[in-house]
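See structure below.
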Amino acid sequence: MASPNSTFTEIVSTTLRNHPNAVADNVSEHNALWRRLSEKGNIRVVNGGYEIVEPLDYAENSTYQRYSGFEQLNVGASDVISAAKYDWKQAAVHVVSSGLELRQNSGKEAMISLAKSKLKNAMRTFANNLSSDIYSDGTGSGGKQMGGLEHLVTQAGTGTVGGIVSGTFTFWKNQFKDGSGADKTTIGDKMRELWLLTQRQGDVTDFIVSSTDLYTLYWNGLTDLQRYTSRDDVAGDGFASGLKFNTADIFHDTSDSGASTTSMYFLNTEYLKIVAHKDANLSQLDEKTPINQDGVAIPIIFQGNVCCSNRARQGVLFD
């Protein structure tokens, strides 16, 4: 007869094996930005490396020239490519059960119910915390947290991001706009100003995620000109959406780190990615049995970070 430990472990493992995207799907259902990046294929899985490297196309080719006839052409080398480097960040949740619980629920149906409830709680916990991390400034848990939007898109455009000091290399500064004092009649003006700052020809903001107050100001300021998205797939996704600003979808998402209580992020998601290690992409590890405790723990781990390859196309409106 199988021990309660092995039965519990097999049920959890089988559930995750038969539904390999269960944890990731649960995360996307809790976070509007994670969902958008997933939809665009901007979750990149890599084999390893000391750091996560994102190539940057940061300057134009200096050899462009207008010429006539046999005029000598400029064939000099142009330094146009650099890279941002992001540290790996790790997170884990354990599906844990004590020996007492396992033996009390040793019947097949009871064990299935126990395993599913433990797994559901673990996935919800992972989803809630990763959702907080993706909006964070990366300082949580002594700097072990992912560097989210508050780190990548700052209220002064400054900061060291991806190892690049934006105060020195100004091409790496994000856009920003102080919206202090805005009301429902002026919030649109502030948003238009920031939109123009982040725009580069056809390269524009496609996703806006906002805290409650600024989202409400914008919404209350809309009357007969109110615009709703035509995307069918946003309906019922759990986020307040349906509004648009120019061509960008606007989402209200309160699953931030708690610090961005008055921010509206203008994001060009073409340049945002979540990078994860292939062996730690919300992946289950083998069960762990403590040598000095009566129980079992099954780890689910993540190793990765949020990466940006063009800060100048990102912006934040803040109050």
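The values are calculated or read from the model by the stated rules, or taken from the named source; none is laboratory data. Every value quoted in this text rests on a predicted model; they were computed, and no experiment measured them. Counting neighbours? That spans all protein chains shown, and the Cβs are built from the backbone with ideal geometry, glycine included. Accessible surface is based on the protein model in full, side chains and every heavy atom, while ligands, DNA and RNA are left aside. Shrake-Rupley method; radii C 1.70, N 1.55, O 1.52, S 1.80 Å.
Test SER166 against the criterion of being of a type outside the set (Lys, Arg) and either crowded, with 18+ Cβ neighbours inside 10 Å or touching a Lys or Arg at 6+ places or on another chain (Cβ under 8 Å) (or both), and give yes or no. Judged against the criteria, SER166 is a match.
Residues in the stretch 269-293 that are in a loop (DSSP other than H, G, I, E, B) and not aliphatic (A, V, I, L, M): ASP286, GLU287, THR289, PRO290, ASN292, GLN293. Of the residues making up the stretch 113-136, those that are within 22 Å of LEU33 (Cβ to Cβ) and either open to solvent by 20 Å² or more (accessible area, probe 1.4 Å) or in contact with a Lys or Arg (Cβ under 6 Å, 6 or more places away or on another chain) (or both) are MET123, ARG124, THR125, ASN128, ASN129, SER132, ASP133.
Pick from the stretch 183-221 the residues that are small (Gly, Ala, Ser) and modelled with pLDDT of 90 or more: which of them is farthest from PHE245 (Cα to Cα)? Steps first, please.
First, the residues of the stretch 183-221 that are small (Gly, Ala, Ser): 188, 202, 210-211, 221.
Now drop any that are not modelled with pLDDT of 90 or more, which leaves 188, 210.
On the way: GLY188: 9, SER210: 12 Å.
Going through the qualifying residues, I end up with SER210.
In the stretch 306-319, the qualifying residues are those that are open to solvent by 10 Å² or more (accessible area, probe 1.4 Å) and not aromatic (Phe, Trp, Tyr), and the one that is farthest from VAL53 (Cα to Cα) is ASP319. Residues in the stretch 260-305 that are more than 19 Å from the chain's Cα centre (by Cα) and buried (at least 22 other Cβ atoms within 10 Å of the Cβ) were compared, and the one that is nearest to LYS144 (Cα to Cα) is ILE298. Restricting to the stretch 286-319, name every residue that is modelled with pLDDT under 90 and among the hydroxyl-bearing types (Ser, Thr, Tyr). Listed by number, the list holds a single entry, THR289.
Going by what's in this entry, would VAL209 be described as under 23 Å from GLU150 (Cβ atoms), in contact (Cβ under 8 Å) with a residue 24 or more places away in the chain, open to solvent by less than 20 Å² (accessible area, probe 1.4 Å) and in contact with a Phe, Trp or Tyr (Cβ under 9 Å, 6 or more places away or on another chain)? Yes; evaluated as a whole, the condition is true for this residue.
Kindly provide the set of residues from the stretch 140-153 that are open to solvent by less than 50 Å² (accessible area, probe 1.4 Å) and out of contact with any strand residue (DSSP E or B) (no Cβ under 7 Å at 6 or more places or on another chain), ordered by number.
We begin by selecting, within the stretch 140-153, every residue open to solvent by less than 50 Å² (accessible area, probe 1.4 Å); these are 140, 143, 145-150, 152-153.
Those that are open to solvent by less than 50 Å² (accessible area, probe 1.4 Å) and out of contact with any strand residue (DSSP E or B) (no Cβ under 7 Å at 6 or more places or on another chain): GLY140, GLY143, GLU150.
Cβ separations smaller than 9 Å between residues 6+ apart or across chains give the following pairs from the stretch 115-134 residues that are under 12 Å from LEU282 (Cβ atoms) to residues that are of a type in the set (Ser, Thr, Tyr) and modelled with pLDDT under 85: ALA127/SER28; ALA127/SER255.
So, of the residues in the stretch 28-52 that are of a type outside the set (Asp, Glu) and open to solvent by 70 Å² or more (accessible area, probe 1.4 Å), which turns out to be farthest from MET146 (Cα to Cα)? Let's see the steps before the verdict.
First, pick out the residues of the stretch 28-52 that are of a type outside the set (Asp, Glu): 28, 30-38, 40-50, 52.
Subset that is open to solvent by 70 Å² or more (accessible area, probe 1.4 Å): 40, 44-45, 47, 50.
Working: LYS40: 21, ARG44: 15, VAL45: 16, ASN47: 19, TYR50: 16 Å.
Per the stated criteria, the residue is LYS40.
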